[in-house]
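The values are calculated or read from the model by the stated rules, or taken from the named source; none is laboratory data. If you're wondering where the values come from, they're calculated on a predicted model, not measured in any experiment. Note that each Cβ is placed from the backbone with ideal geometry, even for glycine, and that neighbours are counted across all protein chains shown.
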Amino acid sequence: MSSVTRLTLAHLEQAPESAARILQQIDLKETAGFLADVPARLAAPVLNNMLPLTAAQCLELLQPERNAAILRQLNFQDMTSLLRLMPLPLRDLIYAELPATLAKRARRSLAYSANKVGAWTEPDVPILTTSQTVDDALRFLSECRPVTEVFIESAVNGRYTGVIRIKDLLRADRDTRLEHLRMESVQPVLNRASLQSVAFLSSWETRSMLPVVGRRDNVLGGLSLNNLRLGIRESREIDIDIPNSFAGHLAGALAVTVRGLLSLATDVTDALPKSPREK
């Protein structure tokens, strides 16, 4: 590998925004050819910093397997946002190159119009059942991204039951079943509801994510405040200013994993991010 190539890759890794600005100023075919030759993990953040339509047009010039390799490096919402801008035949080819579970989630999300809650639902949030124990939950959460709460479904009928905060899990006995822990009754939103209909819910004043349920009241995932904003901006359904009191709180919050918390003293739970209502 030449020093120029190493320098180029280093620039992509350290300054993807700058690289995106440069690549958007040259011919689309040249950009696609360049991104086809760099590691997918470096190409993804660059594409993610380009204008969405330009990024999608660039991906259309790549082979489906290369598309899949790059898209897999993005978070789920960014991936589906780009897929939404691609022709349906190409989408199907890309789905065939993605892991079956991920492809199924993407198809489900893109089945909704851009102004629906389902299109912006994150499917990979922690969802547990009432029959599981605290130990089950903590083991599961140790492999997940950092969260502050989990959504609970009934082990009997699969319906949404409530929300349990991570700090309550950490304080409970490991053998305790989740059905015996304190659950917060957080009103879920329907997957087929419009973003406009949920934009001004009072729950956003104290929460960063709301549970999303389907027709049978089963949990499909969560709608984050950030995705709500992105969805409204992309669908241009309404011109509003979404409440940001919780977003401001989150900006200064400390992100911690369950794995890290378990290695600390039990009183560390008091240092977990608190909503305005708890302060």
All-but-one check, ALA100 against (1) outside the structural domain of LEU9 (by TED's automatic domain parsing); (2) under 28 Å from ALA32 (Cα atoms), failing number (1)
Of all the residues that make up region 129-152, how many are assigned to a strand (DSSP E or B) and modelled with pLDDT of 90 or more? 5
What number of residues within region 70-128 satisfy the criterion of being in a helix (DSSP H, G or I), small (Gly, Ala, Ser) and over 16 Å from LEU53 (Cα atoms)? 7
Complete set of residues in region 106-115 that are out of contact with any Leu (no Cβ under 7 Å at 6 or more places or on another chain) and either within 12 Å of PHE151 (Cβ to Cβ) or crowded, with 19+ Cβ neighbours inside 10 Å (or both): SER109
Just give me the residues in region 218-229 being part of a helix (DSSP H, G or I) and under 12 Å from the mean Cα position of the chain (by Cα), in sequence order. LEU225, ASN226, ASN227, LEU228
What helices (runs of 4 or more DSSP H), lying completely within region 1-40, carry at least 3 residues that are more than 22 Å from GLN63 (Cβ to Cβ) and in the same structural domain as LEU62 (by TED's automatic domain parsing)? 3-14, 16-23
Here is a list of conditions, (1) closer than 18 Å to GLY222 by Cα; (2) crowded, with 17+ Cβ neighbours inside 10 Å; (3) of a type in the set (A, V, I, L, M), and LEU98 meets all of them except one; can you say which number that is? (1)
Restricting region 113-153 to residues that are assigned by TED's automatic domain parsing to the domain that holds GLY222 and of a type in the set (Phe, Trp, Tyr), which is farthest from the chain's Cα centre (by Cα)? PHE140
Looking for something among the polar types (S, T, N, Q), touching a Lys or Arg at 6+ places or on another chain (Cβ under 8 Å), surrounded by fewer than 21 Cβ atoms within 10 Å (Cβ to Cβ) and in contact (Cβ under 8 Å) with a residue 24 or more places away in the chain - is there at least one such residue anywhere in region 64-79? yes
Of all residues in region 43-63, count the ones that are outside any loop (DSSP other than H, G, I, E, B), over 20 Å from the mean Cα position of the chain (by Cα) and surrounded by fewer than 22 Cβ atoms within 10 Å (Cβ to Cβ). 4
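Conditions (1) under 20 Å from TYR95 (Cα atoms); (2) not hydrophobic (A, V, I, L, M, F, W, C), marked per residue:
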position: PRO16; (1), (2): no, yes
position: ALA20; (1), (2): no, no
position: LEU28; (1), (2): no, no
position: ALA36; (1), (2): yes, no
position: PRO45; (1), (2): no, yes
position: LEU53; (1), (2): yes, no
